[in-house]
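Okay, structure first, notes after.
The values are calculated or read from the model by the stated rules, or taken from the named source; none is laboratory data. The structure displayed is predicted, hence computed values, not measured ones. Here the Cβ positions follow ideal geometry from the backbone for every residue, glycine too, while neighbour counts run over all protein chains shown. To get the accessible areas, we keep the full protein, side chains included, count just its heavy atoms, and leave off ligands, DNA and RNA. Shrake-Rupley method; radii C 1.70, N 1.55, O 1.52, S 1.80 Å.
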Amino acid sequence: MRKVVVSAALLVSSVALAGGGSSVPTGNTIAAIVANDPNFSTLLSAVQAAGLVETLSSPGPYTVFAPTNAAFAKVPQDQLTALLNNREQLRALLLYHVVPGRVTSAQVSGLSSATTASGGTLNITTSGNTVRINDATVIRADIPASNGIIHVIDTVLQP
């Protein structure tokens with residue numbers, strides 16, 4: 001009986017449940033970091049709606065330019081609602097924020113562009129200590145994850 005209880009506890013601790021029964025990953029993957037940071041609650045909802053939790057929990061490695069809740073707040077509410085209700089468009093938008101491989105801030109600042117997981121191109125500019133990805137500014141860089149790295153941005157990237 002003790003083994004069953006311990007096994008069940010371990011199983012429950014590996015995946016938490018969010019509202020609506022969506023699984024929220026735990027650990028140190030990109031998906032888990034997003035799930036456990038209140039500044040990314042809108043991004044988490046979008047990742048769940050797009051069915052990308054498993055992808056961002058997989059080995060990768062990935063570089064994610066992660067928009068904050070404030071970044072999503074800049075998107076008009078009707079557009080955001082429409083996007084959250086269109087899984088394919090949402091997936092394309094979110095994958096535009098992902099670059100295959102682990103790209104640190106030191107490497108990003110040496111690039112002028114990067115190809116995204118959706119096949120799009122991000123324009124990268126650096127001025128002093130400021131790095132811009134398209135129209136977004138990197139406001140926090142190099143958050144390490146077991147399957148890549150996260151750079152926090154202040155604007156949702158538009159393909």
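Quick check on Arg102: is it in contact (Cβ under 8 Å) with a residue 12 or more places away in the chain, basic (Lys, Arg) and part of a helix (DSSP H, G or I)? So Arg102 does not fit the description; no. Remark: Leu83 falls outside the filter, which requires a residue to be open to solvent by less than 70 Å² (accessible area, probe 1.4 Å), in a loop (DSSP other than H, G, I, E, B) and under 23 Å from Pro38 (Cα atoms). Of everything in the stretch 123-142, what is within 26 Å of Pro59 (Cβ to Cβ), surrounded by fewer than 20 Cβ atoms within 10 Å (Cβ to Cβ) and touching a residue at least 24 places away in the same chain (Cβ under 8 Å)? Give them in sequence order. Answer for the stretch 123-142, where residues must be within 26 Å of Pro59 (Cβ to Cβ), surrounded by fewer than 20 Cβ atoms within 10 Å (Cβ to Cβ) and touching a residue at least 24 places away in the same chain (Cβ under 8 Å): Ala141, Asp142. Report whether or not Ala117 is touching a helix residue (DSSP H, G or I) at 6+ places or on another chain (Cβ under 6 Å), open to solvent by 40 Å² or more (accessible area, probe 1.4 Å), part of a loop (DSSP other than H, G, I, E, B) and under 24 Å from Asn28 (Cα atoms). Yes.
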